[in-house]
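To start, the structure under review is shown below, and the notes come after it.
A short reminder: the numbers here are calculations on the coordinates, not readings from a lab. This is a predicted model, so every value here is computed, not measured. With ideal geometry, Cβ positions are generated from the backbone for all residues, glycine too; neighbour counts draw on all protein chains shown.
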């Protein structure tokens, strides 16, 4: 089963969910806002794609953080702490594919190669 992690009102997550549905990919949705960030999942995502790939430094949540907090995000441990405290900082969507592979962001070309 494919699990798409994100926030339901995010435009990219909406596109990703629509793409999965249109391509007949069975999936479940994990809402960071309502269900929180799964700690074991976050650690596994960091192992798979690297902590820097998960930190959205372009969004408004990042810009709203104080400079000291931003400067403190320098490794996996500090990234995990800030991402857990501020789930909106996680680049979206994070997809855990049926084979256990993890991707970050909506990448239709890559997803097409993964779709059954």
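A few comments on the model shown:
- Index of the failed condition, residue 50 passing every other in (1) loosely packed, with under 15 Cβ neighbours inside 10 Å; (2) without any contact (Cβ under 8 Å) to a residue 40 or more places away in the chain; (3) at negative phi: (3)
- Filtered residues of the stretch 18-58 (kept if under 24 Å from residue 70 (Cβ atoms), in contact with a helix residue (DSSP H, G or I) (Cβ under 8 Å, 6 or more places away or on another chain) and part of a helix (DSSP H, G or I)): 32, 33, 39, 42, 43, 45, 46, 51, 52, 54
- Across the stretch 63-81, the qualifying residues are those that are outside any helix (DSSP H, G or I) and free of Cβ contacts under 8 Å to residues at least 12 places away in the same chain, and the one among them that is surrounded by the fewest Cβ atoms within 10 Å (Cβ to Cβ) is 66.
- Only one of the listed residues (3, 103, 84, 12) is in contact with a helix residue (DSSP H, G or I) (Cβ under 9 Å, 6 or more places away or on another chain), assigned to a helix (DSSP H, G or I) and surrounded by 12 or more Cβ atoms within 10 Å (Cβ to Cβ). That residue is 84.
- Flag for residue 26 being touching a strand residue (DSSP E or B) at 6+ places or on another chain (Cβ under 9 Å) and surrounded by fewer than 15 Cβ atoms within 10 Å (Cβ to Cβ): yes
- Residue 91 satisfies every condition listed in (1) touching a residue at least 60 places away in the same chain (Cβ under 8 Å); (2) touching a helix residue (DSSP H, G or I) at 6+ places or on another chain (Cβ under 7 Å); (3) within 21 Å of residue 2 (Cβ to Cβ) except (1).
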